[in-house]
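Asker: Below is a structure I'd like to ask you about.
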Amino acid sequence: MSDDDAVAQLRALIGDARRIVIFTGAGISTESGIPDFRSPQGVWSRAKPIEFRDFVAHEAMRREAWRRKVEIDRDMEVAAPNRGHRAVAALVRSGAASCVITQNIDGLHQRSGVPEKHIVELHGNGTYATCLECGLRHELAPIKAAFIADGTLPHCRNCGGLVKAATISFGQSMPARAMARAQEETLACDLFLVLGSSLVVYPAAGFPLLAKRHGARLAIVNREPTEQDDQADLALRADIGPTLGSAVGVD
Ligand code: NAD
């Protein structure tokens, strides 16, 4: 299929839909300079993820987690929303899309202008931290400054509990409200649009299948094949920014 055909097919599916749910993964942010996990240059080619129970059990793992956080935030802090994020924001603004369910933790959908109430974050948010005991929010800047200065690991000023970036690690329970909202939105849509996800991380990857089973159309835009291409009404092996940007008419 030529690039023009791909764009035309995606535009037609979007135009036919009454209610779109957009589902994003790390792939939508690579064009902003944030590496994904499973591409050949992805984060996992360099380091294995730290499981939640190891973070809680071992100081050495917490130290490693904060070391990685400082490193990855160097990319995150300079990253700006790209054409793909802007196209998603345009679909929400026009009312065509009811919400964005994201696995990303980079906050770029918010920064591209999608109102918070239209964003469902399945894997949390990496732009702040929380206490694992009492849930108090902690800002990252002082935590990182202390860690960089002398390796101090953060503890909650309220209850003394362990403080962790507000992202969901492997082995950590999923946020119940976000999961319920994602399910509700998924069941109400007639087009489920996946952008930049390998669709291997569950339970998140269950939502496209749920939408399809419930009668919605499924479209996937991803550079590499995904686990669910065979279920999709349209599976485009393409870059998100140029493809969705052209389909939606956003630069
Ligand atoms: P993934 O790394 O498993 O898959 C990303 C997919 O996007 C890959 O298949 C890749 O081929 C594709 N891709 C990369 N750039 C693309 C582009 N410009 N256009 C089209 N496709 C592109 O990521 P995932 O499925 O989101 O799951 C992994 C986990 O990674 C998620 O839980 C998420 O929390 C976490 N993560 C988030 C960020 C972020 O917030 N930006 C970054 C890395 C990882």
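Asker: Can you name every residue in segment 172-197 that is surrounded by fewer than 23 Cβ atoms within 10 Å (Cβ to Cβ) and within 13 Å of the ligand (Cβ to nearest atom)?
Answerer: Gln172, Met174, Pro175, Ala178 - these are the residues of segment 172-197 that are surrounded by fewer than 23 Cβ atoms within 10 Å (Cβ to Cβ) and within 13 Å of the ligand (Cβ to nearest atom).
Asker: Residue check: is Gly84 within 11 Å of the ligand (Cβ to nearest atom) and more than 24 Å from Thr130 (Cβ to Cβ)?
Answerer: Answer is yes for this residue.
Asker: May I ask you to verify whether Val201 is of a type in the set (Val, Ile, Thr), modelled with pLDDT under 95 and within 11 Å of the ligand (Cβ to nearest atom)?
Answerer: yes
Asker: Could you please let me know if Ala146 is touching a residue at least 12 places away in the same chain (Cβ under 8 Å) and either away from the ligand (no atom under 16 Å from the Cβ) or crowded, with 20+ Cβ neighbours inside 10 Å (or both)?
Answerer: Here the answer is no, as Ala146 does not meet what is asked.
Asker: Out of all the residues in segment 211-221, is one or more more than 21 Å from Arg181 (Cβ to Cβ), near the ligand (Cβ under 7 Å from one of its atoms) and either surrounded by fewer than 20 Cβ atoms within 10 Å (Cβ to Cβ) or modelled with pLDDT under 95 (or both)?
Answerer: No, segment 211-221 contains no residue that is more than 21 Å from Arg181 (Cβ to Cβ), near the ligand (Cβ under 7 Å from one of its atoms) and either surrounded by fewer than 20 Cβ atoms within 10 Å (Cβ to Cβ) or modelled with pLDDT under 95 (or both).
Asker: Say we look at segment 13-31 and pick out the residues that are open to solvent by 20 Å² or more (accessible area, probe 1.4 Å) and near the ligand (Cβ under 8 Å from one of its atoms); which of these is nearest to Leu210 (Cα to Cα)?
Answerer: Ala26
Asker: Looking only at residues that are outside any loop (DSSP other than H, G, I, E, B) and out of contact with any strand residue (DSSP E or B) (no Cβ under 7 Å at 6 or more places or on another chain) in segment 222-241, which one is farthest from the ligand (Cβ to nearest atom)?
Answerer: The extreme case among them is Asp230.
Asker: With the requirement that a residue be crowded, with 21+ Cβ neighbours inside 10 Å and either assigned to a loop (DSSP other than H, G, I, E, B) or free of Cβ contacts under 8 Å to residues at least 24 places away in the same chain (or both), what does segment 97-118 give you?
Answerer: Gln103, Asn104, Ile105, Asp106, Ser112, Val114
The values are calculated or read from the model by the stated rules, or taken from the named source; none is laboratory data. This one's a predicted model, so the numbers in the text were calculated from it and none came from an experiment. Here the Cβ is made from the backbone with ideal geometry for all residues, glycine too, and neighbour counts use every protein chain on show. Just so you know, the surface numbers come from the protein's heavy atoms only, side chains and all, with ligands and any DNA or RNA stripped out. Shrake-Rupley method; radii C 1.70, N 1.55, O 1.52, S 1.80 Å.
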